[in-house]
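The values are calculated or read from the model by the stated rules, or taken from the named source; none is laboratory data. Bear in mind the structure is a predicted one, so any value in this text is a computation, not a measurement. Cβ coordinates were reconstructed from backbone atoms using ideal geometry, including for glycine residues, and neighbour counts include every protein chain displayed.
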Amino acid sequence: MGEAKKIIVKPISSTDANKIIKRLHYSGKICCNSQLHFGVFVDNRCGGALQFGPSLDKRKMLNLVSGTLWNEFLELNRLSLADWLPRNSESRAIAYALKFIKKNYPWIKWIISFADGTQCGDGTIYRASGFKLIKIKKNTELWKLDTGEILHAHTLDMTSFPGQRGIETRKAPEIMQLTKGASSPRKFLELKNIKYAVLSGYQLLYIKFLKTEFENNLTVPVLPFSDIDKLGAGMYKGVMRGKQAIGSDQDISGGAAPTATLQNI
């Protein structure tokens, strides 16, 4: 870990974490349902933040591990660090945060996070942190509007998440609410005459068990990391890597140090 051993990870306020994420995250957006916030410090200087909270589509996520109660898992909603932090700070920060959660929230069985292979990276840092890859899906729900705004379909789908604003948007707050007659996000955009294009790329889902005895309850197969490049889902710093041999299932070279994406598949 080298210089990364100098970092300190500790809880911070949601206000401070949101400011950090807005400044450092590639999307410039926060996830409004984050509940647990950590700052990453070196020599008392803050260089990033991690945010955990429930998944927006909790029913779907619960089915990943049988026997899980609604409050027994968390999603790593956001992870973003400044470039000046030492090498390997991402994996060090994740390790500290998970250790804190395991100690202070002993009922949490597992953590999930999404790597955004349309804008950022394919999840190298999750692989380096011992997460298992359980899903690679071609993107269908991250859209770029003609306004330049990039949104997830769940942001618009208030029929699935009544009363929730989902992911904050800076440029187009008027499209956060479905209007009468809009039965789906696509229909809503059509009614508003807003043109959009589906972003090219993939979304990847990773899981980390804090209680290893529940690994046998996983209801989906663990995928070999080599599938990422076999499917052409590799991405590094927003640039697709194409179909390449990743070497071995343990090889963690080549992805971005991803933030926790727009978080839904």
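Points worth noting:
- Scanning the stretch 1-48 for residues that are of a type in the set (Val, Ile, Thr), at pLDDT 95 or above and in contact with a helix residue (DSSP H, G or I) (Cβ under 7 Å, 6 or more places away or on another chain) yields VAL9, VAL40.
- Those residues of the stretch 73-98 which are under 12 Å from LEU36 (Cα atoms) and acidic (Asp, Glu), in sequence order: GLU75
- Matching residues, the stretch 79-89, being over 11 Å from LYS5 (Cβ atoms) and touching a strand residue (DSSP E or B) at 6+ places or on another chain (Cβ under 6 Å): LEU79, SER80, LEU81, ALA82, LEU85
- Pairing residues of the stretch 134-147 that are without any contact (Cβ under 8 Å) to a residue 12 or more places away in the chain with residues that are not in a strand (DSSP E or B) and not β-branched (Val, Ile, Thr), at Cβ distances under 8 Å and at least 6 apart in sequence or on separate chains, gives no pairs at all.
- Among residues of the stretch 96-155 being part of a helix (DSSP H, G or I) and in contact with a helix residue (DSSP H, G or I) (Cβ under 7 Å, 6 or more places away or on another chain), the one that is surrounded by the fewest Cβ atoms within 10 Å (Cβ to Cβ) is ALA128.
- Hey, THR159 polar (S, T, N, Q), touching a strand residue (DSSP E or B) at 6+ places or on another chain (Cβ under 8 Å), modelled with pLDDT under 75 and not assigned by TED's automatic domain parsing to the domain that holds LEU50 or not: no
- If you check LEU205, LEU210, LEU218, LEU231 for being touching a helix residue (DSSP H, G or I) at 6+ places or on another chain (Cβ under 7 Å), aliphatic (A, V, I, L, M) and modelled with pLDDT of 85 or more, only one passes: LEU210.
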